[in-house]
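The values are calculated or read from the model by the stated rules, or taken from the named source; none is laboratory data. The structure presented is a predicted model; accordingly, all values stated were derived computationally and were not measured. All Cβ positions, glycine included, derive from the backbone under ideal geometry; neighbour counts span all protein chains shown. Areas reflect the complete protein model, heavy atoms only, side chains present, ligands, DNA and RNA absent. Shrake-Rupley method; radii C 1.70, N 1.55, O 1.52, S 1.80 Å.
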Amino acid sequence: MTARISTKHATEIPVKRVPRTAAALMPGVVLAGTAACSVETTPEPDRIAVVGTLPPDTDKEQSKKQAEAFRSWVEEHGTVQRKEAVGRVDRIIGEWNEHTGNACISTDIDGDRLKDPLGTATAIAEAFDDWKDAEQGYASVYDVFGNIMIANHRF
């Protein structure tokens, strides 16, 4: 399985998945803590910052509310594929507004149980892009194990 670093209007770059211990040792690729999904650390447009594993959820109630609001919006406005994909969203960690932000989207995607897990993750990122119409921001999608699937999809 591969993860993709993607930005809207840019070429997607396949990235081979590495074990968690190796990912933690890769300098410049893995950022520690929840700061990677905060407004203060929004990556510059010419810099790609990747969080290899899902950051800790410091406000589980809020992240569940955000996921519910997202699923409700997609249920009303989304395509059949997006509705199915977004049903797998468990939590959305991060902050954003009309100007900027980062979102870390936790899902129940397990690569062994889905025919196209990367397609499902892509549909989630694209639906998030439609849901949040900010000037700039990034959404990353994580699997059930907390591993990155889609990194920095620009919204």
* May I ask you to derive the FRET efficiency for residue 99 and residue 68 from their Cβ-Cβ distance with R0 = 30 Å, giving the value to the nearest 0.05? => 0.80
* Structure fact -> Whole-percent carbon and sulfur contribution to the accessible surface of the stretch 58-116 (1.4 Å, no ligands, DNA or RNA) stands at 42
* Using DSSP to define loop residues, name the GluC sites (Glu not before Pro) in the stretch 82-155 whose beta-carbon has at most 12 other beta-carbon atoms within 10 Å. => 98, 135
* Could you provide, to the nearest whole Å², the per residue accessible area of the stretch 49-119 with probe 1.4 Å? => 56
* For the stretch 92-143, how big is the tail of P(r) above 16 Å, as a whole percent of Cα pairs? -> 41
